[in-house]
Amino acid sequence: MKRICVIDGQGGGIGAAIIKALKTRCGESIEIWALGTNAVATAQMLRAGANRGSTGENPVVRNVGIVDAVLGPVSITWPNAMKGEVTPRMAEAICSSAALKILVALHHENMVLVGSSREPLPHLIETMINEQIKEVFRDV
């Protein structure tokens, strides 16, 4: 069974939307771990259907190395993003992980990603699930 971790912070809305889409597309053929930068984000992702959840820097650092894929907004790879919730240690662990990273490029931080789409979040998540997850994990 493939293990996918979804990382989010602040209100957890992006992570929850990703998890709902994953559950709809893959059902129980994958195990989803919700890793929140705060308790509210983790709770939202657990309500959305994650199999496990944990909160804070240490769970992110310890678990990104033992999953098959990491999903979330691109800002989880930026130190001090999400109003400081993403610590430098978290960002380093995520980027250094051997797991596949499938990230949604949102334009909320003081950062512009040239070449990225300005599609609404539901469209980006649909592309993430229906194209990237399907392509990488053909057996789910």
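Every read-out reported here was derived from the displayed coordinates using simple, explicitly stated rules and does not represent laboratory data. All figures in this text were calculated on a predicted structure; none of them were measured in a lab. No Cβ is skipped: glycine too gets one built from the backbone with ideal geometry, and neighbour counts run over all protein chains shown.
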Notebook entry, point to check: When the Debye formula is applied to the Cα atoms of the chain, each taken as the same point scatterer, what base-10 log of I(q)/I(0) results at q = 0.08, 0.18, 0.20, 0.21 Å⁻¹?
Noted result: -0.17, -0.96, -1.22, -1.35
Notebook entry, point to check: So, by mean Cβ neighbours within 10 angstrom, what's the order for 20-29, 84-93 with the highest one leading?
Noted result: 84-93, 20-29
Checklist line | Helix-derived mean residue ellipticity, 222 nm - over the chain, DSSP H n ≥ 4, -39500 (n - 2.57), to 500 | finding: -9500 deg cm²/dmol
Note to self: Given contacts defined as C-alpha pairs under 8 Å and at least six residues apart, what's the relative contact order of the range 2-136, whole-number percent?
What the structure shows: 24
Note to self: I need the peptides 99-105, 43-49 ranked by packing, meaning the mean over residues of other C-beta atoms within 10 angstrom, with the highest value on top.
What the structure shows: 43-49, 99-105
Item checked: Stokes-Einstein diffusion coefficient of the range 61-140, Kirkwood radius over Cα pairs, 10 °C, 1.306 mPa s, in µm²/s -> 117
Notebook entry, point to check: In nm, to one decimal, how far is the modelled label at Thr127 from the one at Glu31, with both set 7 Å along Cα→Cβ?
Noted result: 3.1
Notebook entry, point to check: Quick one: length gained pulling Ala98 to Phe137 fully straight, 0.36 nm per residue minus the C-alpha distance?
Noted result: 12.5 nm
Check: What pairs from Lys2/Lys101; Lys83/Lys134; Lys2/Lys23 go past 24 Å between their alpha carbons?
Finding: Lys83/Lys134
